[in-house]
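Each remark here refers to the structure printed beneath this line.
The values are calculated or read from the model by the stated rules, or taken from the named source; none is laboratory data. For clarity, every value in this text was computed on a predicted model and none was experimentally measured. Using ideal geometry, Cβ is built from the backbone for each residue, glycine included, and neighbour counts are taken over all protein chains shown.
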């Protein structure tokens, strides 16, 4: 019985984090393919996690700890993207496939970039 509760708690946490990721992605109009790439998932892994979100079994790959780490990292970056859009910062694509964008903020005193 306790094991079932533990599994359910893990499922609930994963679904909550996936929903947060999709909410943040919606705010900046990130396409499904961009979302998949930001999380560094194959097409099959993306489908498996989507199926999980709508009530399917938890995928084996990536593992739950790895997926939660990816979701946290990308959600943080998406939050920065959303804030930059409101603040007028310039977004620069990082080109690393794991992050939608990085920020370039001009330092008004030196006219040099920095974060």
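Here are the numbers:
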| read-out | value |
| --- | --- |
| The range 33-60, residues that are out of contact with any helix residue (DSSP H, G or I) (no Cβ under 6 Å at 6 or more places or on another chain) and assigned to a loop (DSSP other than H, G, I, E, B) | 40, 41, 42, 54, 55, 56, 57, 60 |
| Options 20, 30, 24: the member that is part of a helix (DSSP H, G or I), touching a residue at least 40 places away in the same chain (Cβ under 8 Å) and surrounded by 16 or more Cβ atoms within 10 Å (Cβ to Cβ) | 24 |
| Test: residue in the range 1-17 that is at pLDDT below 95 and part of a loop (DSSP other than H, G, I, E, B) | yes |
| Residue 43 vs. criteria modelled with pLDDT of 90 or more, over 17 Å from residue 14 (Cβ atoms) and surrounded by 13 or more Cβ atoms within 10 Å (Cβ to Cβ) | no |
